[in-house]
1. With volume of the Cα convex hull per residue in Å³ as the read-out, I listed (1) 176; (2) 231; (3) 369; which label goes with the value calculated from this structure?
2. With a cut-off of 17 Å, note down the residues of segment 321-350 whose backbone N falls inside the zone around a label point 7 Å from the Cα of Lys384 toward its beta carbon.
3. Specify which residue in the list Val693, Ala115, Val291 is farthest towards the positive end of the charge dipole of the chain, using unit charges on the beta carbon of Lys, Arg (+1) and Asp, Glu (-1), about the Cα centre.
4. Can you pull the one-decimal nm distance between simple spin-label points at Val66 and Asp87, each 7 Å off the Cα toward Cβ?
5. Could you give the length gained by full extension between Asp483 and Asp75, i.e. 0.36 nm per residue of separation minus their alpha carbon distance, to one decimal place?
6. Please list 117-130, 248-261 highest first by mean number of surrounding beta-carbon atoms within 10 Å per residue.
7. Relative contact order for segment 655-764 using alpha-carbon pairs under 8 Å, separation at least 6, rounded to a whole percent?
8. At a Förster radius of 25 Å, what calculated FRET efficiency corresponds to the Cβ-Cβ distance of Ile764 and Arg695, to the nearest 0.05?
Amino acid sequence: MMVFGHSATGGGFLPAKQQIFPVDYEAEVSQRLLEASSSGDLKSAFDCIDDPYVDVNFIGAVSVKVRMAEVQFSDESENVVRFEYQDFKSDVTALFVAVLTGNVRLVGKLLSRGADVNQKLFRGFSLTAAVREGHLEIFEILLKAGASQLSCEEALLEASCHGRGGDFIELLMASDLIRPHIAVHALVIACCRGFIDVVDVLLKCGVDINASARVLLCSSKPSLHTNINCTPLLAAVVSRQVAVVCLLLQAGANVSIKVQIGAWSWDTASGDEFRVGAGLSEPYAITWCAVEYFEATGSILQMLLQHISLNTCHNARTLLHHAVLCNNTGAVKTLLKCGSDIEYPIKTTQKDETRAIHLAARLGFPSILQLLIDSGCYINSTTKHNGNTAQMICAKYKREECLRVLTKAGADLGLINSTGQSAQCIAESNRWPASFRKAVLDVITSGTVPTSSNKTVFSPLMFAARSGDVQALKVLISQDDIDLDDQDEDGFSAVMVTAMRGYIEAFRMLVYAGCDVKLTNKAGETAISLSKINENSDMFEKVMIEFTLEKGSQNARGFYPLHYAARHGDVHAVKLLTSRGYDVNIPDGDGYTPLMLAARENNGQMCQLLISCGSACGFKNSKGETALSLARKHTENTAECVILDELARVLVVHGENVLKHTKGGRGGSHRKDLKMVSEGVLRWGNSSSRNVVCRDAEVGPSVGFVRCWRNKSDADMAGFFRVVTVKNKEVHFVCDGGLEMAELWVRGIKLVTREAISAEAQMIK
């Protein structure tokens, strides 16, 4: 009904500025009815209902609180429905609001005034709201008030979504308004959500247990969110509803169906797998679905296996292979517990055969590998086509953690495949040596020695030595059955390898563990000679001398500690070694004596020390080098002077046959044995005139001697030298060897004389 209202700005009747406007009284009173119904004000609601102008089917916007159901997913647990109430401002009728609030009197009053029980709103029918909110009495009233087929079917689906079983389902199914496909749809929804009481009632009401309906299936692992036609059993399996699966199996659900819900496809020729996406794979048995959508306890899979053979194959694969492919440890464990054949091969049309352990290694699933190993699989089994072991497959596909698991479990690194390659060779050819090395070394350092049936293919000790890993070597050295001097096919030992590659700390550990550094390889090289190719070769010799000083020479075979100490100027080491009886005149492998090495370094102090310990200056190596010639290669003559002094001293003390001139060159010459004796006396005979103390000595003849001697026909003057005695007498000699020997005689005479004078002075003091 349309009425008119007015507004005025002044007093009086119908003033000039009065405005008249229409009012929809029917809408106004109907809206008040909605608000009174929403607030629970029955008096106001009944007053509005009694108003002859009210429209009980009026649709208006009010705030309502609605029960919501949300499905929550977890990786391998059943889908769970969580309920909560949310406030919405929505277009509703007074009857819908009364049903939501559960007001039976108001519902009855509204129906008596002609409220439409089948009015469809955004939030559904009133009957749907009654089911959703669980108001059974109101539900029965609405059902008797003439609920339509559409509202009843929607109510049934809502009951399945919210778990409203019992009387709600029975009343709806008894109404004869539910079509079969709607009932199946409700059953599948209830199976997805795990509402076992709803499933039970629907089955008792005769709903087809093997029919299918299109529903949204969801999973977090593997990821799935798709609408698909599925049976109740499939819906329950994917949603991991254990109790529902049990009920359906007891009720006779068909387990021989093929389902298309998987995400994998296989190439039967090569054996390769392809992830095609959930629901896009070829159909397979429902047990395969139970593996892919595995439930944590394994109950669903075990129940299905009571009805379906465990060894059923799909594309030449078993359930165990599919569980490995899905990287599901729980499924693998369940299948093995149920008796799955752990060695059953995947057979391709190209005549290759691989096992579960090879599949896990190729895909990089270490936890699956560990489980297979713990369950007793043959860890060294090989593929049929190329004879690869799981370790070789790890090396090929770069699976570091899987390689670590296999090596620690005792897989044989000494095996080779049909092309003659080992796991290590495959890793190197695949440009993966660093990760391979790290995985194996991690196993060794953890305390496990890798297994190798063929040390020429793989030797743990040689592997650790080539890596220079001190911790790994420490573990291996502690093993009772380890041969530290084991040599490879080229004759290299572990200590040789560390020396050659410059691993000083690894070398130190092996030396102190007792490795023989004197061993030679097929090229005749030793650890010490190999160490010389490194820039830090001195460090290796330092290790050896430290070891020698600590353990003794018998433990340092093939090393020349005194030579090293002499070359490096280690005075303390030289003194210690010589005190222990080391021969100062033994040449090293290259023919050098300690003195020659000190001379080569121009270390005069070291030369002096070695000479004092008995080093001979006259030794010559195969190159013709002497200590003096080596010292003369330096511009500074520090070492040269020391060596010359020693050569001169030895010369004059031991003496030599020389030619003596008489009468200042005017007389004849004759041979004499000349030498220095005690107290600095130069002797060439027994008489006192032939035993003189020298005041000076010079190379060559004096001027007076030359003047007198020039008239003679004597030989060359190259070996001439002369001495002046303390009595100022001049004596001339000629030695063999020319000028150099003459210089030595002069040097020696002066040196011994000086030393004698110094000794006499010390005695006087």
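Since every read-out is calculated from the coordinates, none of them should be taken as a lab result. Here the structure is a predicted model, which means the values were calculated and not measured. Quick reminder, even Gly has a Cβ in these numbers, built from the backbone with ideal geometry, and neighbours come from all protein chains shown.
1. Calculated volume of the Cα convex hull per residue in Å³: the matching label is (3).
2. Backbone N within reach: 321, 342-350.
3. Checking the options against the dipole of the chain, the answer is Val693.
4. 1.6 nm
5. Length gained, Asp483 through Asp75: 141.8 nm.
6. With the highest mean Cβ count within 10 Å placed first, the list reads 117-130, 248-261.
7. RCO, segment 655-764: 27 percent.
8. Numbers: r = 19 Å, r/R0 = 0.77.
Working from the Cβ atoms, E equals 0.85.
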